[in-house]
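Each value in this text was obtained by applying a stated rule to the coordinates, not by laboratory testing. Note that the structure is a prediction, hence the values are computed from the model and not measured. Heads up, the Cβs are rebuilt from the backbone with ideal geometry, glycines too, and the neighbour counts pull from every protein chain shown.
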Amino acid sequence: MKMAKTAKNTKKYQKLTNFWAKFVNFFDAMLFPDNIKCIFCGRDINNFEEQPYCEKCAKKLVKNDGNRCRICDEKIGNEAIICDRCQKQKRSFKRAYCPFIYEGIVRQSLLSYKMNNRRYLAKSYAKFIYNYIGEDFKNFDVITFVPMTKKKEKERSFNQSKLLAEELAKISNLKICKCLIKISETKEQKKLNFNERKKNLSNCFRIVNEKEIDDMRVLLVDDIITTCATMDTCSKLIAKYAKSVSVAGVARNILKDENKDD
């Protein structure tokens, strides 16, 4: 009798959860339609599918262009093809892709995406990544993402990296898989250098569903790439089973000299 009552309560809870999720998505779409407004400032635009931001914001965007490291995708101030850090520190991934620099309106937008639950931005972010990677998409078989702990994901109500990966999978027609879980919380990373971040991330991730990445060319997705410590840690685990690992994010965060990994 108790089991039947528990099952009935679970169904009621699930229905309520589904209703609330639909309500939130509907309300979100009404307040923040994703097909007529600039994703950075909210101005009306006429060609959203072609360019999801207005001309004024286009002038403020800091794109990750020019000469960049062929491994970590960080801008290089000279004619080198591999940055100093990647020459010193062997990366666990083959290559990184980040269309923007994490500053200005991109930084504000990404913070709002994560902290203010603006999930609709994931569609445009995914398009930016997809267009930036371009022809190299033929080098991938499956897409995965950087996980969060269950507690953290519950607090935020979604995993921003997973949502990005899902949208990217839709555009690219690639399969998405969950091959990593995060089993312990970590300290906030933003004030730590590379070595401190690596230590902070030690033993907090675990591989699951390894058969789905066996001998596959994997693209690992996160929202922001800074020192590459998170991507290195996750890629190292994935690389034990995968044929190769590449990584992608919306923006590359350029650290001040005192916080860099060297």
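Once you place label points 7 Å from the Cα toward the Cβ at Lys138 and Lys240, how far apart are they in nm?
3.4 nm
If I stretch the segment between Glu185 and Lys75 completely, what's the gain in nm (0.36 nm per residue apart, minus their alpha carbon distance), one decimal? Don't skip to the end; give the middle numbers.
Working: separation 110, 0.36 × 110 = 39.60 nm, distance 3.10 nm.
Full-extension gain reported as 36.5 nm.
Please work out the C-alpha center-to-center distance from the range 126-168 to the range 64-124 and express it in whole Å.
14 Å
So what J values fall out for the range 84-89 if you push phi through Karplus, 6.51 cos²θ - 1.76 cosθ + 1.60 with θ = phi - 60°, rounded to Hz, Gly and Pro as x?
Residue by residue, the range 84-89 yields 4, 5, 6, 6, 7, 10 Hz.
Which ordering of Lys182, Lys150, Lys75 is given by a fewest-first count of other beta-carbon atoms within 10 Å? Don't skip to the end; give the middle numbers.
Values: Lys182 20, Lys150 11, Lys75 14.
Listed from fewest to most nearby Cβ atoms, that is Lys150, Lys75, Lys182.
For the range 63-259, rounded, prolate or oblate, judged on the Cα gyration tensor with a ≥ b ≥ c (square roots of eigenvalues), a/c < 1.5 rounded, else prolate if a/b > b/c? List each step's numbers first, then the result.
Values: a/c = 1.15, a/b = 1.11, b/c = 1.03.
Note, shape of the range 63-259 comes out rounded.
What ³J(HN,Hα) values, in whole Hz, does the Karplus curve 6.51 cos²θ - 1.76 cosθ + 1.60 give for the range 117-127 when θ = phi - 60°, with x put for Gly and Pro?
Along the range 117-127, the couplings run 6, 8, 5, 4, 5, 4, 4, 5, 4, 4, 5 Hz.
Check Arg68: other-chain or 5+ apart residues with amide H under 5 Å from its amide H, H built from backbone geometry?
Long-range HN contacts for Arg68: Ile76.
Taking 7 Å along the Cα-to-C-beta vector as the label spot, tell me the Met115-Arg43 distance in nanometres, rounded to one decimal.
With each label placed 7 Å out from Cα toward Cβ, I get 2.5 nm.
Order these peptides, 140-146, 156-162, by their mean beta-carbon neighbour count within 10 angstrom, highest first.
Numbers: 140-146: 21.6, 156-162: 18.3.
For the peptides 140-146, 156-162, the packing ranking is 140-146, 156-162.
Check which residues have an amide H placed less than 5 Å from Asp73's amide H, if you skip close sequence neighbours.
Amide H neighbours of Asp73, under 5 Å, 5+ apart: Ala96.
Exposure proxy check: Ser184, Ser235 ranked by fewest other beta carbons within 10 Å? Before the final figure, lay out each step's value.
Working: Ser184 11, Ser235 22.
Ascending Cβ contact count within 10 Å gives the list Ser184, Ser235.
Rounded to the nearest 0.05, what FRET efficiency do Lys88 and Ile36 have when you use their Cβ-Cβ distance and R0 = 45 Å? Write out the running numbers ahead of the final one.
Working: r = 47 Å, r/R0 = 1.05.
The computed FRET efficiency comes out at 0.40.
Return the long-range amide H neighbours of Lys175 (sequence gap of 5 or more, or a different chain), with a cut-off of under 5 Å between placed amide H atoms.
Under 5 Å from the amide H of Lys175: Ile143.
Quick check on the exposure proxy: order Thr233, Thr226 from fewest to most C-beta atoms within 10 angstrom.
On the way: Thr233 20, Thr226 25.
Going from sparsest to densest Cβ surroundings: Thr233, Thr226.
Across the range 96-109, in residue order, what do the Karplus-derived ³J(HN,Hα) couplings come to in whole Hz, using 6.51 cos²θ - 1.76 cosθ + 1.60 with θ = phi - 60° and x for Gly and Pro?
These are the phi-based 3J(HN,Hα) values: 10, 9, 9, x, 10, 9, 7, 7, x, 5, 5, 4, 4, 5 Hz.
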